[in-house]
Amino acid sequence: MQKLVIAHIPAPIMGSRLKAPQRREQLIEVATHLFAKFGYEATTTAAIADAAGVTEPILYRHFKSKQELFVAITRAMSEQTMANWAKLIDRGADPAEQIRLVATEFPNHLRQLSDAYHVIHGALASSRDRKVLSVMREHYGDIEKFFVQIVQAGQASGVFRKDMDPKVPAWQLIHVGIGYAMIALNLSNFDFVSVEQTVEFIIRGMK
């Protein structure tokens, strides 16, 4: 088992007095890094507090449990993802083009949120915690709704076939995203596979 070594936190943050919103954000950032490096199950609240330069009682003022930290990380990631994708699809009126824009930007999006994706994928593969699994269902449910709305708009405008359940291509896109992210983050020698080309096959199947 990998030994849990406390992450280095920049000096200006360690031990400094932060306002409640800033401290909460800092704790989320530190927890994300430790969960990504060592896994959700192996990381303790004591380790998170130590890495953040605070005591556990201070951590518990902001988050009642490790579960609450995971929930905060996942929801922050979902909100950032949905906001980013909403801006992207504003650039393309055509639903097929909207999906292409998300696919093109996805590798960069993945790099920016790499620790959060490690956390999500690690929990997806190993966690049996009901609250953790519940917030992950919520996360993927938000992504499903996002793509379903695009597909339905394409069906209404005649860009996509109407004889299909929009959830089917939505989940094909989600599966591509999960698969690409897990490979690209862990096996970089295989990241040459183009997510845009893979998504193009899905788009063609919808026409």
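Numbers at a glance
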{"item": "Charge dipole (the stretch 38-161, unit charges on Cβ, about Cα centre) - positive-most of Thr43, Ile58, Ile150", "result": "Ile150"}
{"item": "Kirkwood Rh in Å, taken over the chain so that all alpha-carbon pairs contribute", "result": "18.6"}
{"item": "Magnitude of the charge dipole, the chain, Cβ model with Lys/Arg +1 and Asp/Glu -1, debye to 20", "result": "460"}
{"item": "Cα centre as origin, Lys/Arg/Asp/Glu Cβ charges: the stretch 104-204 dipole, Debye", "result": "300"}
{"item": "For Trp171, net neighbour charge (Lys/Arg +1, Asp/Glu -1) across residues whose Cβ lies under 14 Å away", "result": "0"}
{"item": "Accessible area in square angstrom per residue, the chain, 1.4 angstrom probe", "result": "55"}
{"item": "For the stretch 31-92 versus the stretch 114-131, the gap between their alpha-carbon centres in whole angstrom", "result": "11"}
{"item": "Distance between modelled label sites at Lys167 and Glu25, nm, 7 Å Cα→Cβ extension", "result": "3.8"}
{"item": "Normalised contact order of the stretch 23-150, rounded percent, pairs of Cα under 8 Å and 6 or more residues apart", "result": "32"}
{"item": "Long-range Cα-Cα pairs in the stretch 86-207 (distance over 24 Å), rounded percent", "result": "30"}
{"item": "Sulfur and carbon atoms: percent of accessible area, the chain [1.4 Å]", "result": "54"}
{"item": "Cβ-derived FRET efficiency at R0 30 Å, Ala125 paired with Ala83, nearest 0.05", "result": "0.65"}
{"item": "DSSP-assigned coil residues among trypsin sites (Lys or Arg not before Pro) in the stretch 72-109, each with at most 14 further Cβ atoms within 10 Å", "result": "Arg91"}
{"item": "Segment Ile58-Glu41, length gained on full extension (0.36 nm per residue, minus Cα span)", "result": "4.0 nm"}
{"item": "Linear extension gain, Arg137 paired with Ala76, 0.36 nm per residue minus alpha-carbon span", "result": "20.5 nm"}
{"item": "Dipole of the chain, positive direction: furthest Cα of Ser134, Ala103, Thr81, with charges on the beta-carbon", "result": "Ser134"}
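The values are calculated or read from the model by the stated rules, or taken from the named source; none is laboratory data. Note that this is a predicted model, so its numbers are computed, not measured. A quick note on method: Cβ atoms are made from the backbone with ideal geometry, for glycine too, and the neighbour counts reach across all protein chains shown. Accessible surface is based on the protein model in full, side chains and every heavy atom, while ligands, DNA and RNA are left aside. Shrake-Rupley method; radii C 1.70, N 1.55, O 1.52, S 1.80 Å.
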